[in-house]
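All remarks here apply to the structure that follows.
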Amino acid sequence: MIATQSVKILVIDDHEIVRKGVKQILEENFLYVEVGEAETSQKAIAAVQQEPWDLAIVDISLPDRNGIGLLCELRSRAPRLPLMVLSLHSEEQYAVRAFRAGAKAYLTKHTAPQELAKAIKQVLAGRMYVTPSIGEHIATSLSVNPDRPGQRTLSERELAVLVLIARGRSVKQIAESLTLSTKTVNTYRARLQDKLQLKTTAELTRYALDHRLVE
């Protein structure tokens, strides 16, 4: 069934054939749809800053940044923008981290067009979309990690602060980027250290690199 509401969707992927394929699926399933395209995270951030979107579909592997880090930054810059991931990587590799970073759905590029359209409509309706094949995996992965007991409890804002710390931003720069006070940024930093059982900036940066939140 073709959706009749007007929607504006940003497709972020470095492969033109993927962007055009997703655009075709959108045009087949929405009567009124405007599709924007961005092949890099830098262009994606610029597009989000310049105009409002109803949804952003994000690839994990981009030439200028890891997609998980981009999810965190998009969430910090446009908190109300729904995000979903469309990736070549299997759900087991990235789905949990994508959901933690704010994604409302995670699908691979092997997904049938009908399921992709269904997921998009569900996310636009304000709901999450989790495929049956990864539901149990996500539930297991979100359970307490004995090595990092607080990892599953990181909030989206804490993840955003972690990403910016790992990118070498100062407390003042992070505060300006996320529209926070420096005191609040320091509070988030302390929470990160407590939840992840880490003590220094170097350890926080290493954690973000190891978990591919930044490159």
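Any read-out appearing in this document is the output of simple, stated calculations on the displayed coordinates, not a laboratory observation. Only a predicted model underlies this, so the values are computations on that prediction, with no experimental measurement involved. Cβ atoms come from the backbone with ideal geometry, glycine included; neighbour counts cover every protein chain shown.
Hey, any idea what Rg/Rh is for the chain, computing Rh the Kirkwood way over Cα pairs?
A ratio of 0.97.
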Which value, in Å³ per residue, describes the convex hull spanned by the Cα atoms of the stretch 151-210?
-> 71 Å³
For the stretch 1-104, just run the numbers: alpha carbon Rg, then divide by 2.2 N^0.38 Å, N being how many residues it has.
-> 1.01
Considering only the other residues whose Cβ falls under 13 Å of the Cβ of Thr187, what net charge follows from Lys and Arg at +1 and Asp and Glu at -1?
-> +3
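Ordered by packing density, taken as the mean number of other Cβ atoms within 10 Å over each peptide's residues, highest first, how do 91-103, 117-129 rank? Let's see the in-between values first.
On the way: 91-103: 21.3, 117-129: 17.1.
For the peptides 91-103, 117-129, the packing ranking is 91-103, 117-129.
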Hey, rough spin-label estimate for Thr111 and Ala47, points 7 angstrom out along Cα→Cβ, what's it come to in nanometres?
-> 1.7 nm
For the cross-link pairs Lys43/Lys183; Lys104/Lys199; Lys104/Lys183; Lys104/Lys195; Lys23/Lys104; Lys43/Lys104, which exceed 26 Å when the distance is taken from alpha carbon to alpha carbon?
-> Lys43/Lys183; Lys104/Lys199; Lys104/Lys183
Residue-averaged 222 nm ellipticity for the chain, from DSSP H runs of 4+ at -39500 (n - 2.57), nearest 500 | -15500 deg cm²/dmol
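Can you say what percent of the DSSP beta bridges in the chain, counting only those with both residues inside, are antiparallel? Round to 5.
Bridges in the chain are about 5 percent antiparallel.
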A chain fully extended from Glu203 to Ser181 at 0.36 nm per residue, minus the present Cα-Cα distance, gains in nm 5.6 nm
